[in-house]
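Comments concern the structure below.
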Amino acid sequence: MAEFPKTAECIVIGGGIIGASIAYELTKVNFGKVVILEKNTVSSGSTGRCGGGIRAQWSTPENVRLAMESVKRFRELEGELGTDTEYEEGGYLILAHSDEELSQFRKNVEMQKKHGLQVELLSPEEAKKVVPLLNTEKITGATWCSTDGSINPFLINFAYMKKALEQGASLYERTEVLSIDKEGSKITGVVTPKGVISCPVIVNAAGGYAGTVASKARIELPLVPHRHEILATEQINRFFKNMIMSFEHNIYFRQVKDGGIVGGQTNPGEPPGTSVVSGISFIKEMSVKLGHFIPALGDVKILRQWAGLYCMSPDAQPILGRVEGTQGYFHACGFSGHGLMLAPRVSVLMAKAISDTSFHDPDLDRLGLDRFEKGIASFEKSVV
Amino acid sequence: MKDLKIICRCQDVTEEEIVDAIRKYGLKSVDEVKRVTRAGMGHCQGKTCRKLVEQLLFKVNGFWPDPEEQSTSRPPLKSLPIKLVAASEEDFDAVVARGRGGQHG
């Protein structure tokens, strides 16, 4: 193990998909010495606990654009990173349960189509054609986008990290940031149990702990982490490739490549916090819902359940870019449960913003921290 | 057909795959191996292969995994059919009436 560094050009805090992808994009443009600090190990936080879904069917234009550009990047990444990531465009089927919800979906589809997304409204009968075993009893319609899909979160996270390291970045795991040093309004370095690193630029990519990290730089972020549970079943013959989602009935699930069903919900009344323990109510409620939507799953066994953190922002959209008044501080956090699917585009934008302070991008600018003072432009409604 | 030593029977992961992953990514704990190779994610939840993975970590790294970094065991203890679990809960309408919750309002 090389000696712990004393200086760096940029410190990325967090070894999840956001930190790894930003480190990769920075080394790709030869930014200089990039050091990644990870409190635990690569992919041990939200990335390694997520459902692996990728979708561009959002209700805000910012999320649609970021997601669509990310899909373009996902298509290139296996070749670029040289690792299989199980990326697959199996589609997303999003279910509507009332006429009111269907009219919201109609608006979403219209906006998404303006951005060039191939998305369509389906009748319950057409939804049943996508997944013949789906119970369409309480469904008034659905939306379908065939270019949505999924990926193995671990594999893409490790692939980004490995390539970043090959391109000159260095990674220190089990290394928590204790404090962040500033001189006036300028970032000057970070303190860890292994030593102090002098550095003019830091990137907060700390997922569920982004608020804690920001507070060390005396920046207050309006983020609320909370536990989000998920389960996986045994492997069975694959009978659908797409994600099935219902906002109204609070569930998402898909059948992963190896045949297991993976799905989750947002627990009613879940309090804020960083606990990731598993609970019994969750598998009971999920079992009822899975059995309702696909009655044929009744005999399939649940193998395991776990939990991760959603780091919610006030409008359920990420907080990106620089912060007025603190030179050298950047963040990409508050993804509200959707960091993996937005990471490929966000990391490209972040690397550009970090290496060129005059860089501007409409989405990056609109998703800055200052939007909460200026007034939020749009609120993301399509979340589970 | 793999003619190699199977370490994780449930997920069909070989010794070679695990050793390669430890070397490729510099892995030091059973959970890291689990994330990269899926060893320990199947029916037995690592009850069979956990000790073997620890031995492979020692073999490659020259040191044992940190005892403070015990692999996480996931519930349920034994795999359970969806309909059996569902039978211990109220019906669908009652469950979804509990709402979205969390921070979504």
Subject >> Largest-first ellipsoid semi-axes for segment A:86-223, taking √(5λ) over the Cα gyration tensor eigenvalues, angstrom >> reply: 45, 20, 14
Subject >> In order through segment A:305-322: 3J(HN,Hα) via Karplus (6.51 cos²θ - 1.76 cosθ + 1.60), integer Hz, x for Gly, Pro >> reply: 9, 8, 8, x, 10, 8, 9, 7, 9, x, 10, 6, 10, x, 10, 10, x, 8
Original post:
Per residue and in Å³, how big is the convex hull formed by the alpha-carbon atoms of segment A:92-145?
Top reply: 56 Å³
Original post:
If you take the square roots of the eigenvalues of the alpha-carbon gyration tensor of segment A:235-375 and sort them as a ≥ b ≥ c, do you get rounded (a/c under 1.5), prolate (a/b over b/c) or oblate?
Top reply: prolate
**OP:** Read phi for every residue in segment A:276-292 and hand back ³J(HN,Hα) as whole Hz from Karplus 6.51 cos²θ - 1.76 cosθ + 1.60, θ = phi - 60°, with x for Gly and Pro.
**Re:** 10, 6, 9, x, 6, 4, 4, 5, 5, 5, 5, 4, 4, 5, 4, x, 6
**OP:** Could you sort A:305-317, A:105-117, A:49-61 so that the peptide with the highest average Cβ count within 10 Å comes first and the rest follow in order?
**Re:** A:49-61, A:305-317, A:105-117
Original post:
When we measure straight from the Cα of A:Lys6, which lysines land under 29 angstrom away, once same-chain ones fewer than 8 places off are left out?
Top reply: A:Lys28, A:Lys33, A:Lys39, A:Lys162, A:Lys163, A:Lys182, A:Lys186, A:Lys194, A:Lys216, A:Lys352, B:Lys24, B:Lys28
Original post:
How large is the Kirkwood hydrodynamic radius of segment A:224-312, in angstrom, based on all distinct alpha carbon pairs?
Top reply: 13.5 Å
Original post:
If you project the alpha carbons of segment A:249-291 onto their three principal axes, what span does each projection cover, largest first, in Å?
Top reply: 32, 20, 16
Original post:
Out of residues 5 or more away from A:Leu122 or on other chains, whose amide H comes under 5 Å of its own, with H placed 1.01 Å from N in the peptide plane?
Top reply: A:Ala142, A:Thr143, A:Trp144
Subject >> Computed [θ] at 222 nm, helices only, for chain A once each DSSP H run of length n ≥ 4 contributes -39500 (n - 2.57) >> reply: -9500 deg cm²/dmol
**OP:** Would you tally the net charge around A:Glu166, using a Cβ to Cβ cut-off of less than 15 Å, leaving A:Glu166 out, and scoring K and R as +1, D and E as -1?
**Re:** +4
Original post:
If you bin every alpha carbon distance in segment B:13-105 into 10 Å steps from zero, what whole percent lands in each bin?
Top reply: 14, 35, 19, 18, 13, 1
**OP:** Name the shape class, rounded, prolate or oblate, that the alpha-carbon gyration tensor gives for the protein assembly as shown, where a ≥ b ≥ c are the square roots of its eigenvalues, rounded holds for a/c under 1.5, and otherwise prolate holds if a/b is larger than b/c and oblate otherwise.
**Re:** oblate
Original post:
In whole Hz, what ³J(HN,Hα) sequence does segment A:345-351 give by Karplus (6.51, -1.76, 1.60; θ = phi - 60°), x for Gly and Pro?
Top reply: 6, 4, 5, 5, 5, 5, 4
Subject >> Charge sum, other residues only, whose C-beta stays under 11 Å from B:Arg50's C-beta, Lys/Arg counted +1 and Asp/Glu -1 >> reply: +1
**OP:** Could you pull out every residue, at least 5 positions away or on a different chain, whose amide H is within less than 5 Å of the one on A:Thr175? Hs are placed 1.01 Å off N in the peptide plane, and Pro or chain starts have none.
**Re:** A:Glu38, A:Lys39, A:Asn40
Original post:
In terms of Cα to Cα distance under 20 Å, which lysines are near enough to A:Lys138, apart from those fewer than 8 places away along the same chain?
Top reply: A:Lys128, A:Lys129, A:Lys289, B:Lys83
Subject >> Largest-first principal axis extents, alpha carbons of segment A:151-219, Å >> reply: 41, 25, 21
Original post:
Just for the Cα atoms in segment A:1-152, what are the lengths along the principal axes, largest first, rounded to whole Å?
Top reply: 62, 31, 28
Original post:
Can you work out the base-10 log of I(q)/I(0) for segment A:166-310 at q = 0.11, 0.13, 0.17 1/Å, using the Debye formula on its C-alpha atoms alone?
Top reply: -0.61, -0.75, -0.94
Subject >> Partnerless Cys - chain B, beta-carbon criterion under 4.7 Å >> reply: B:Cys10, B:Cys44
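Throughout, read-outs are computed from the coordinates displayed, never taken from laboratory work. Note that this is a predicted model, so its numbers are computed, not measured. Every residue, glycine among them, receives a Cβ derived from its backbone with ideal geometry; neighbour counts consider all protein chains shown.
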